[in-house]
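*Asks:* I'd like to ask you about the structure that follows.
The values are calculated or read from the model by the stated rules, or taken from the named source; none is laboratory data. The structure displayed is predicted, hence computed values, not measured ones. Because the Cβ atoms are built from the backbone with ideal geometry, glycine has one as well, and the counts that use them run over all protein chains shown. Note: accessible area is taken over every heavy atom of the protein model, side chains too, but ligands, DNA and RNA are not part of it. Shrake-Rupley method; radii C 1.70, N 1.55, O 1.52, S 1.80 Å.
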Amino acid sequence: MSVFILRRLLTLVATLVAASMVIFLVLDALPGNAAEMLMGADSSPEAISAMATKLGLDQPLLYRYLHWIAGLCVGDLGDSYSYGTPVAGLIAERLALTIPLALMAMLITNVLALAAGMYAAANHNEPGGVGVMTVTQFGIAIPNFWFAILLILLFSVKLRWLSAGGFPGWQEGILPGIRSLLLPAISLALVQAAILARVTRSAVLEVLGEDFVRTARAKGLTRRQVLFRHVLRNAMIPVMTVMGLQFANLLAGTIVIENVFYLPGLGRLIFQSIANRDLIVIRNCVMLLAAMVVVVNFVVDVLYAAIDPRIKAGAL
């Protein structure tokens, strides 16, 4: 097991290095000039050049990349061009909202998808199973920001149960914070839950045809016992693959949803930084999102080996 984890760790590190190089090169090759953006288009070339020197934009490309990587290793992400504050503080402040939002959305996704997928598989030739799959097809077809608008119209404008946007801060209490994130989390979760429900149904149906399932039924186990004791665990490998990918989609989806609900999270910070051409903030935020995705995939790989030892044996 230790060799398996070590190989996955080496893959993780290599992926992070490759991602950092791509992120740095793509952002550095973008047209425009951050110094000109900060100084204004009417500024003199001398003033813009002085600002570029102050920001370190006149240094060679390789030097700037290595300086950035060295800062990442020690937690020094530099200072924001537009905010004038350390980027690490900005990101930490926004992550206090984005991480709970993504976790809430992932929890809602998993609960809805596993319940719907298991039900649809257990009743795949009955009207109930067909109805669930029809609903999930609508869920896949509708984008999450459209769900967000519909939820605002229903629960905020018409029923007035929840706020249409904004975040009171965790200092006001956990319940008010969760209440303000409920609609955004549901907006993020519905599309992903529809996709995962269909994957769960397909995986469960495939396992239901295996010989060991028939043997379990022959031993006198009930349908519920067979589904939860034997079928679900063996069907979880493809489901977990999609779960890992969906976490990346949820993080990316916060960029849109946080702007719809006017939430001061990491997604809104990225959006504002793009508008201000604050490259240092964009670079670190995108690298953070990439690192989260890579780490989640690493965790999924380890869970694969825990669920199915054949994967670990094949990797060795």
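*Asks:* Could you please tell me which pairs satisfy a Cβ distance under 8 Å, a separation of 6+ or placement on different chains, a first residue in region 225-245 that is without any contact (Cβ under 8 Å) to a residue 60 or more places away in the chain and closer than 11 Å to Val213 by Cβ, and a second residue that is surrounded by fewer than 17 Cβ atoms within 10 Å (Cβ to Cβ) and among the basic types (Lys, Arg)?
*Replies:* Close Cβ pairs satisfying both conditions: Val226/Arg217.
*Asks:* Separate question: Restricting to region 150-169, what's the tally of residues that are β-branched (Val, Ile, Thr) and surrounded by 12 or more Cβ atoms within 10 Å (Cβ to Cβ)?
*Replies:* Filtering region 150-169 down to residues β-branched (Val, Ile, Thr) leaves 152, 157.
Those left that are additionally surrounded by 12 or more Cβ atoms within 10 Å (Cβ to Cβ): 152.
Total satisfying the criteria: 1.
*Asks:* If I go through region 211-252 residue by residue, how many of them are open to solvent by 10 Å² or more (accessible area, probe 1.4 Å) and either modelled with pLDDT of 80 or more or part of a helix (DSSP H, G or I) (or both)?
*Replies:* Quick first cut of region 211-252, residues open to solvent by 10 Å² or more (accessible area, probe 1.4 Å) only: 211-212, 214-215, 217-225, 227-230, 232-234, 236-238, 240-243, 245, 247-249, 252.
Narrowing further to those that are either modelled with pLDDT of 80 or more or part of a helix (DSSP H, G or I) (or both): 211-212, 214-215, 217-218, 223-225, 227-230, 232-234, 236-238, 240-243, 245, 247-249, 252.
The qualifying residues number 28.
*Asks:* Across region 170-182, what is the number of residues that are open to solvent by less than 10 Å² (accessible area, probe 1.4 Å) and within 17 Å of the chain's Cα centre (by Cα)? Step through it out loud before you land on a result.
*Replies:* Start the filter on region 170-182 by keeping residues that are open to solvent by less than 10 Å² (accessible area, probe 1.4 Å), which leaves 177, 181.
Remaining after also requiring within 17 Å of the chain's Cα centre (by Cα): 181.
Looking only at that region, the number is 1.
*Asks:* Does any residue of region 94-103 turn out to be surrounded by 13 or more Cβ atoms within 10 Å (Cβ to Cβ), basic (Lys, Arg), at pLDDT 85 or above and over 30 Å from Phe228 (Cβ atoms)?
*Replies:* Taking region 94-103 as the starting set, the residues that turn out to be surrounded by 13 or more Cβ atoms within 10 Å (Cβ to Cβ) are 94-103.
Those left that are additionally basic (Lys, Arg): 94.
Still in the list and also at pLDDT 85 or above: 94.
Still in the list and also over 30 Å from Phe228 (Cβ atoms): 94.
Yes, region 94-103 has at least one match.
*Asks:* Can you work out which of the residues in region 148-169 that are assigned to a loop (DSSP other than H, G, I, E, B) and of a type in the set (A, V, I, L, M, F, W, C) is farthest from the chain's Cα centre (by Cα)?
*Replies:* Leu159
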